[in-house]
């Protein structure tokens, strides 16, 4: 599959180059660097073909990762693999992934690239497993042979995600339900699309080999339990971590698994029906010729009075030739930020079931350029703790282990703005 | 500088350091403390990376390589691989070190064995092949999976180095056995290796048992492994419908997997199996809709737009295969967000035009209209094209859509106007009844539009001139402003439109037409336009009614889009689902460049033909005189008896031009009628016994042929009673072996 893997910076300079097969030469690859990456076209073209060589690239934090290949490759697999590489590098660099961390750790990166791909074919890619037998840079940590053999068994064994013999003093498990609400409202205030893409993150600190069963208010799963009054919510589609037994879920919608150690994403899901939109925006843009715009924006929180949203940031776009703004708000702070071309209205704490208004007049400077203002949508960013836009609730998490310990369980919910936009 | 130190001491400084290193390497040979040993080796590597020649330390590095410490091993291997190609003697020492480390007796740690094997397999010079082969042989049966999986990849590397070394050897069978290895990574690597090694035969041979076996343990594989297995399963053809349904039932749960390539791989199996069953393919489409939507929306949320793009490309393909209906309800998921990259927006706009229906047309058109004001001109143009596509697809909405299009003209943006005019030109070709509505509005746009848009207006004036009262005056105006040599596109359009209009409204147009012709004659030097003007002139002079028939003929109404008819192409794409072909919407042979080595043999054939032509008689003569009897069969007892009695007649030695295996040699010889009675492989030495008979003179030939792979040597010994006939036999033999012997 991949003939070579490269890491480039925005100027198209090669930071890391590892070649696996000789069917793609370095000169061919450097064409891509100069013609596409240096020309700033990479982010507009994820898959590029130059002279019969295919370059599949992804960009993150000003770094472009490229896989070059001369054959009819499985594109989805390569893109996924490149993202996996980023995860892996982050796991090794302590969460950082930028040009500096790459330059600092290049020995380690080459060592990793040796281990996770052999002759262009992906081998071991689990960060947890790899971490146990690639020492940081190969020299920092001393490792005993038994440990390495142990790691190898896991690297190639059946329960690849969990090593044997984990032991904790306090057995704890944290569940975070994180929901991203995506809303697109038309300028008239009708909902064009709304959906929730949620994820359930689990941090498990459990000893030995626990067997877990996870339950939520899924309509289909609750249909079998008649005593329940709550109807549950309908989930459009669910995707699970590889540890979940999919066969069991298909049979009776039960989610059972042996968790990996540490933080992992148990499942992601998507809901499109009956979404509780946390905020409603009511903007009015009044244009007075080419000189002035009056904006008034009413924001209403639609969730329960006991709850509150934090870090609410509303971005109200204004034309590029904005001169002076007079803004009036009752709560929070609002000011015009030229680099954003928008009025940024920040409210640290927004209680439920309440309404705030912003009024502003924008004076426009006359300019020579006749370019029409693109009118980007108003967007809002927020977090509402202990609220789920989909209405999803965790009903139970049962942990069964031979030694019969009782773990402490913590559950948190949070709803964040995904892309929450209102057109103007 | 001069100081107390003599200059020669200063010059020797570097050498001194290397000597110093040499001493410390000797000292640490008996050192137990790994940290001290590492420090010294690190120094050597540091010098090496700085570009200082430390090849002198080779012997010492080999000597201290006896260690269990993996960190030291990695560094020593790096050193050995770096210097191995510079010196033949050193190469052998390095190979020895690797071979020793590959053995279980000398290294207990499987990681070291794997590491050594991987480094050994990446060496690329002829002498190493023999050692690599035996190391791989051991590695394949190693108790540790890490070594086994490395050995399998080693086989692929060897195969790429020398095409015919592995094909046909016993390694292929071993690989088939390793698919059933207890370790999932080994199993997947074996599949990958077989696919590459047997590429020319169409990849790995798959049967029912293998499919069932792989699906039973599918959960043990990683997501990359699962994709590989699905690719394989998709190639299999189930014998009966029950079997097919069983497989699909097992696979269904995989549609919930969070990995895009696994889900797409799984869909590939579904599409391939139900390809010929219209009813089932509907069900499959309905089943895969939700997972696909989740995948791409999920990828968008996490910012993995590249993955979203890849999945959208697959959705695009599935829709163009006739699954438009199932995504209809989800049309809002394909609305573009403001901050998405252009390539995602393009894909979504395309998909929207494909899934739009009578119920959704209003929402879709409103949405597409919103993109027209996008700052990005490309998106704006694309959405106007999309709107006109929707109008063609949904006839009942066309009036509303045209009004929407007309409203764009008042935006006063040149590219929007141009694109809108072009779109409307296409629309009136299908909906002639809309003409009046459109024509009333477009005249004003003539000044702002760019060339393409102007040409579109002029075309419409020519086409519908009878319905526009002041059409002649518009044309007249255009002609008076026309600079013929400046813009061919417009000149072309004006010429056609004027002539057509003349045929419809001759009295008003007469003078205008003549003024255009005089302008063209005096100004224009474009041969195309002049040709066309001449053609019109002739046509009109001949008979205006014929000209009218030719130029203003009835046009066939447009029924559907071209891409709807390209089903053949789409079928090819089913086989290459989940691969690059889908992104480009082209079959593999159009996007993958052919391998270089395939082009080499052709010129040789050409020269052979030429030789034949020149020396036709000679060749025929010699062929008549000597022809091997292809039917002749000999039993081994006879052979043995003759071998003892007949004297050696010819001895011949040569060198191999490439590596070859037993099977291939036998096949080559059999193709010219030389049969093999016995062959064998002893530690890289291939030995063959051949026999043949001349059909004319019944002379028998016996031959012994020995190949030493490591040394690349080949020797032939022919036994025969007739010396001249033996020469003929040798010639045939060498011709057959020309592909692997040096000329």
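From Cα pairs below 8 angstrom and at least 6 apart in sequence, can you work out the relative contact order of the stretch A:279-385, rounded to a whole percent?
38 percent
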Calculate the length of the line joining the C-alpha centroid of the stretch B:177-211 to that of the stretch B:106-172, in whole Å. 17 Å
Could you work out the helix-only [θ] at 222 nm for the protein assembly as shown, with each DSSP H run of four or more residues adding -39,500 (n - 2.57) and the total divided by the number of residues, to the nearest 500 deg cm²/dmol? -14000 deg cm²/dmol
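Listed highest first by mean packing, meaning other Cβ atoms within 10 Å per residue, what order do B:139-145, B:153-159, A:236-242 come in?
Top of the packing list down: B:153-159, A:236-242, B:139-145.
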So how tilted is helix B:398-409 from the main axis of chain B? Cα-based, degrees 0 to 90, rounded to 10. 90 degrees
Could you state the number of Å between the C-alpha centres of the stretch A:89-107 and the stretch A:8-35? 19 Å
Average partner chain C-beta neighbours within 10 Å, per residue of B:120-127? 1
Could you work out the mean count of beta carbons from other protein chains within 10 Å of each residue's beta carbon in B:302-312? 6
Fewest-first ordering of A:270, A:305 by Cβ atoms within 10 Å yields A:305, A:270
At R0 = 60 Å the Cβ-Cβ FRET efficiency linking residue B:104 and residue A:44, nearest 0.05, sits at 0.65
Describe numerically, in nm with one decimal, the distance between label points set 7 Å from Cα along Cα→Cβ at residue A:383 and at residue B:173. 6.4 nm
Which whole number gives the average count of other chain Cβ atoms within 10 Å of the Cβ atoms across peptide A:24-35? 0
Using a ≥ b ≥ c from the Cα gyration tensor of the protein assembly as shown (square roots of the eigenvalues), is it rounded, prolate or oblate, where a/c under 1.5 gives rounded and otherwise the larger of a/b and b/c decides, a/b for prolate? oblate
Taking 0.36 nm per residue of sequence separation and subtracting the Cα-Cα distance, how much length would be gained by fully extending the chain between residue B:505 and residue B:42, in nm to one decimal? 157.4 nm
Tell me whether the stretch A:279-385 comes out rounded, prolate or oblate; compute the Cα gyration tensor, take square roots of the eigenvalues as a ≥ b ≥ c, and use a/c under 1.5 as the rounded threshold. prolate
Want the number for residue B:437 to residue B:678: 0.36 nm per residue separation, take away the alpha-carbon distance, what's left? 77.9 nm
Burial ranking of peptide ranges B:441-454, B:381-394 (average Cβ count within 10 Å, highest at the top): B:381-394, B:441-454
For B:687, A:169, which order do you get if you count the other beta carbons within 10 Å of each Cβ and list the fewest first? A:169, B:687
Kindly state, to the nearest 0.05, the FRET efficiency for residue A:276 paired with residue B:522, given R0 = 56 Å and r defined as their beta-carbon distance. 0.15
Distance between the C-alpha centers of the stretch A:111-127 and the stretch A:277-341? Whole Å please. 49 Å
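Would you mind classifying chain A by shape? Square roots of the alpha carbon gyration tensor eigenvalues, ordered a ≥ b ≥ c; an a/c under 1.5 is rounded, otherwise it is prolate if a/b is larger than b/c and oblate if not.
Judged from the Cα gyration tensor, chain A comes out oblate (a/c at least 1.5, b/c at or above a/b).
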Calculate how many DSSP beta bridges within the protein assembly as shown are antiparallel, expressed in % of all such bridges and rounded to the nearest 5. 90 percent
Hey, with R₀ at 45 Å, roughly what FRET efficiency would residue B:26 and residue A:90 work out to, going by the Cβ-Cβ distance, to 0.05? 0.55
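Go through B:184-192, B:533-541, A:59-67 and give me the packing order, highest mean Cβ count within 10 Å leading.
B:184-192, A:59-67, B:533-541
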Ranked by Cβ crowding within 10 angstrom, fewest neighbours first, how are B:734, A:281, B:686, B:312 ordered? B:734, B:686, A:281, B:312
Rough spin-label spacing in nm, given labels placed 7 Å along Cα→Cβ, for residue A:61 and residue B:52: 3.5 nm
If each of residue B:249 and residue B:586 carries a label point 7 Å out from its Cα toward its Cβ, how far apart are those two points in nm? 4.4 nm
Taking only C-alpha pairs under 8 Å that are 6+ residues apart, what is the relative contact order of the stretch B:22-84 in percent? 37 percent
Below 8 Å between Cα atoms, with a sequence gap of 6+, how large is the relative contact order for chain B in percent? 7 percent
Rounded to the nearest 10 degrees, what's the angle between the helix B:110-121 long axis and the longest principal axis of chain B, both from Cα atoms, 0 to 90? 80 degrees
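Every number in this text was worked out from the coordinates using simple rules, so none of it is lab data. No experiment lies behind these values; they were computed from the predicted model shown. Every residue, glycine as well, gets a Cβ built from its backbone with ideal geometry; the counts of neighbours run over all protein chains shown.
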